[in-house]
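Student: Take a look at this one; I'll ask things after.
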């Protein structure tokens, strides 16, 4: 029980924050939001995966990546390719010049499915691709940069450039990627209609559960020896290197793990929204993801989720009520949070969270009792 309490939940304050977040997204949102607003919340929570990955990279690792949209997009495109192939069966595309291929390929006079599309007809391969391809791409970038001790602002600029290059590549290869429009008209997942309200609700809960699991997995990493060394790398990189650790490997691992997390969010975005386009790969979404983490608190995994929800719900509310001023209002919201709460929303929790923690003290006392009983049983068994 001590592992669950300390590693997965983050102790007394972490457990309370986790319970509040889980209650908010699993109970309160579904009860009080209509299907449209719940769908918006689900879409926003997919962005939270990237924000959580930036807490690991930027907050704890000191690695500011301005290209998390790359991995978000790779995960989204991998899932979109599977869904598009399912929607492009010979029966559904019988009016095309070449039935059985995606419509945008037919429009661009491609007469055969490209070889790299063929494996995405398998759902199992697609799931593996969502996890492995972004991590592999991140490994290539990380190994090329960190092994040469490229970091700081240079690394941030390079990730931005890669995001631009990938966006231009996707747009330019219209016959293979759908171009500027992206991959659209996604209807079914293994025969199940994903456009219905019931399907979107199911995907919402899957997104919530995956996000909570990602937060717990991230906490396990951060509370381990790896997490302590990662913090040391952020603060005193040379000292860690002189102590005999391979700093580059630590950075590469957390960069790959962050890419995998972002890709999961991209895949869930495609399932919930029903399309994927290069507009989610470039510089703008990547910078917005950094803003989500900054507003929530770049040292807080849960804060990143709240930052994502606050900025995106604010963007929606302002754009609906003040269509000509919403950009200025959302900028003012960001500036106000950063100016008033330099540690983000997580700073408010650190200052006032003890009041809520006290109210949940019966839960933490139960965990402490179970942990003590477990330790006592181990001692008795050893005797």
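Student: Any residue that is more than 23 Å from the chain's Cα centre (by Cα) and surrounded by 15 or more Cβ atoms within 10 Å (Cβ to Cβ) - is there at least one of those in the stretch 202-224?
Tutor: Checked the stretch 202-224: no residue is more than 23 Å from the chain's Cα centre (by Cα) and surrounded by 15 or more Cβ atoms within 10 Å (Cβ to Cβ).
Student: Determine the pairs where a residue that is under 19 Å from residue 203 (Cβ atoms), located within the stretch 70-95, has a partner that is surrounded by fewer than 18 Cβ atoms within 10 Å (Cβ to Cβ) with Cβ atoms under 6 Å apart, the partner being 6 or more residues away or on another chain.
Tutor: These pairs meet every condition: 86/188; 87/187.
Student: Same structure again: Just for helices (runs of 4 or more DSSP H) wholly inside the stretch 253-370: which have at least 3 residues that are exposed (fewer than 14 other Cβ atoms within 10 Å of the Cβ) and at pLDDT below 70?
Tutor: Counting at least 3 such residues, we get 345-359.
Student: Only residues that are within 15 Å of residue 155 (Cα to Cα) and touching a helix residue (DSSP H, G or I) at 6+ places or on another chain (Cβ under 7 Å): list them for the stretch 260-290, please.
Tutor: Those that are within 15 Å of residue 155 (Cα to Cα) and touching a helix residue (DSSP H, G or I) at 6+ places or on another chain (Cβ under 7 Å): 283, 286, 290.
Student: Then there is this: State whether one or more residues within the stretch 229-247 are closer than 21 Å to residue 72 by Cα, buried (at least 22 other Cβ atoms within 10 Å of the Cβ) and touching a helix residue (DSSP H, G or I) at 6+ places or on another chain (Cβ under 8 Å).
Tutor: Scanning the stretch 229-247 turns up no residue that is closer than 21 Å to residue 72 by Cα, buried (at least 22 other Cβ atoms within 10 Å of the Cβ) and touching a helix residue (DSSP H, G or I) at 6+ places or on another chain (Cβ under 8 Å).
Student: Moving on. Considering the stretch 23-37 alone, what residues qualify as being modelled with pLDDT under 95 and either outside any helix (DSSP H, G or I) or within 18 Å of the chain's Cα centre (by Cα) (or both)?
Tutor: 33, 34
Student: While we're on this one: Could we say that residue 84 is modelled with pLDDT of 90 or more and buried (at least 23 other Cβ atoms within 10 Å of the Cβ) here?
Tutor: The answer is yes for residue 84.
Table: residues versus (1) within 20 Å of residue 281 (Cβ to Cβ); (2) part of a helix (DSSP H, G or I); (3) more than 12 Å from the chain's Cα centre (by Cα).
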| residue | (1), (2), (3) |
| --- | --- |
| 51 | yes, yes, no |
| 59 | no, yes, yes |
| 65 | yes, no, yes |
| 72 | yes, yes, no |
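Student: Looking at 104, 72, 116, can you tell me which residue is in contact with a helix residue (DSSP H, G or I) (Cβ under 9 Å, 6 or more places away or on another chain), surrounded by 21 or more Cβ atoms within 10 Å (Cβ to Cβ) and over 25 Å from residue 214 (Cα atoms)?
Tutor: When all the criteria are applied, what remains is 104.
The values are calculated or read from the model by the stated rules, or taken from the named source; none is laboratory data. Source: prediction; values computed, not measured. A quick note on method: Cβ atoms are made from the backbone with ideal geometry, for glycine too, and the neighbour counts reach across all protein chains shown.
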